[in-house]
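Worksheet for the structure shown next.
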Amino acid sequence: MSADTRPVRAEEQLDLAALGAYLEREGLLRGRPLEIEQFPGGHSNLTYLLRMGEEESVLRRPPLGPLAPKAHDMVREARVLRAVSPVFAPAPRPLAVCEDASILGVPFYLMERRSGLVIRRENPPQIGGDLGLRRRVGEALLDTLVQLHSIDVAHPPVSEIGKPAGFLERQLTGWFGRWQRARTRDLPAMERLIEWLTLHRPASAGASLIHNDYKLDNVMLDPADPARIVAVLDWEMATLGDPLVDLGILLCYWPEAQDPPARRDSISPVTTMPGWPTRAELVERYTRATGRDLSGIGYYEVFAIFKIAVVLQQIYHRYYLGQTTDERFAAMEDRVIGLVDVATALLERQ
């Protein structure tokens with residue numbers, strides 16, 4: 001068992017025989033034994049470690065239960081990685097894409113295995129109480145985002161990842177719809193957020209390749225040098241669009257010690273500890289590196305918090321309908337309400 005994997009949860013088992021036969025046909029298994037473990041982190045797509053003899057790879061598939069339209073598209077995620085990995089070293093290389101749902105019941109793909117540290121709710125021992133190292137990790141995270149946003153998006157295959165014209169407007173429409181489909185109770189504060197986001201939508205800051213879920217626990221750090229990022233993970237929502245959407249996401253996932261409990265605890269409390277850069281310092285570093293006008297970044301931070309609330313509501317909705325029995329999801333509704341309050345307080349300061 002790897003340090004970052006666990007036995008596969010009973011309800012999330014894969015058909016070992018069907019998967020093995022597929023891997024053999026693709027020339028990946030080559031008669032070797034197949035072992036499967038599960039990466040337990042995350043609340044959405046399911047991620048597994050495949051061990052084929054001495055070789056390891058990672059399998060990604062959608063979650064159980066009915067899926068929102070266009071959500072959890074693993075085939076698209078693999079195509080994004082195929083386009084991005086040659087021009088952005090932290091993006092893992094895809095190995096195989098399976099659109100045949102008869103194998104595992106859903107499309108899935110395999111990618112190369114990257115090994116390293118993923119920071120979730122605690123500082124790993126490799127960072128510990130080293131305040132200078134915490135700062136350097138935060139700066140490396142921001143600098144890697146700048147690197148992503150500097151990629152030339154004018155030529156295929158990167159240019160084919162998305163359509164930047166009208167991106168933010170489509171984002172708002174899509175996320176508002178997700179909320180309506182997943183809601184399990186009336187929440188007037190959420191309706192107010194939707195109205196504010198609609199009325200205050202800014203002009204686009206230009207077109208970049210954006211990850212669209214860029215945060216501390218979606219990157220992997222080198223254990224020997226944690227200030228070096230060895231992988232950026234979870235490319236499901238990557239597209240071409242306004243780069244400030246990415247920065248807003250990073251900021252919303254970056255709580256500080258003085259933030260309300262709903263923001264500190266519902267996301268991850270790691271960056272509330274001493275040593276980590278502040279949100280203002282991240283904004284200043286991004287401004288210096290890119291020259292972009294970030295005077296309206298508060299809008300993007302509110303939008304990002306809104307999106308987290310919707311994602312958690314979608315997860316809770318699956319639990320509410322009995323489509324998953326994972327007890328981690330039982331308290332999601334309270335986290336949704338807390339984040340809506342955080343976003344409301346933030347918009348009132350804009």
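If you take the Cα centroid of segment 1-57 and the Cα centroid of segment 311-342, the two points sit 27 Å apart.
Working note: 222 nm ellipticity from helices only, DSSP H runs with n ≥ 4, each -39,500 (n - 2.57), summed and divided by the residues of the chain, gives -12500 deg cm²/dmol to the nearest 500. Glu348 to Arg181: FRET efficiency via 1/(1 + (r/R0)^6), r the Cβ-Cβ distance, R0 25 Å, to the nearest 0.05? That pair, Glu348 with Arg181, gives E of 0.35. Its Cα centre serving as origin, the chain has a Cβ charge dipole (Lys and Arg +1, Asp and Glu -1) of approximately 320 debye.
Using θ = phi - 60° in the Karplus curve 6.51 cos²θ - 1.76 cosθ + 1.60, the 3J(HN,Hα) couplings for segment 52-60 round to 10, x, 8, 8, 10, 9, 10, 10, 10 Hz; x is entered for Gly and Pro. In terms of other Cβ atoms within 10 Å, Leu148, Leu250 run from fewest to most in the order Leu148, Leu250. Farthest toward the positive end of the dipole of segment 10-112, out of Ala18, Tyr48, Phe108, is the Cα of Phe108, where the dipole comes from beta carbon charges about the Cα centre. Rounded to the nearest 0.05, the FRET efficiency derived from the C-beta distance between Ala10 and Ala101 at R0 = 35 Å is 0.95.
Quick check: Cα centre of segment 262-282 to Cα centre of segment 125-186, how many Å? That distance is 17 Å. Which residues in segment 215-240 place their backbone N less than 12 Å from a point set 7 Å from the Cα of Gln147 along the Cα-to-Cβ direction? Flagged as within label range: 220-222, 227-232. Using 0.36 nm per residue and subtracting the Cα-Cα separation, the extra length available between Asp222 and Arg170 on full extension is 15.1 nm.
Once the dipole of the chain is set up with Lys and Arg at +1 and Asp and Glu at -1 on Cβ about the Cα centre, which of Leu233, Leu221, Leu29 lies farthest towards its positive end? Farthest towards the positive pole: Leu233.
Any idea how far apart Thr198 and Leu294 come out in nm if each label point goes 7 Å out from Cα toward Cβ? About 3.1 nm separates the two model spin labels. Qualifying chymotrypsin sites (Phe, Trp or Tyr not before Pro) in segment 56-140, where qualification requires a DSSP coil assignment and no more than 15 other C-beta atoms within 10 Å, are lacking entirely.
If R0 is 41 Å, the Cβ-Cβ spacing of Leu321 and Glu122 corresponds to a FRET efficiency of close to 0.80.
For segment 255-349, GluC sites (Glu not before Pro) are listed when DSSP marks them as loop and at most 12 other Cβ atoms sit within 10 Å of their Cβ; the list is Glu348.
Every number in this text was worked out from the coordinates using simple rules, so none of it is lab data. Everything quoted here is computed from the prediction, not taken from an experiment. Here the Cβ is made from the backbone with ideal geometry for all residues, glycine too, and neighbour counts use every protein chain on show.
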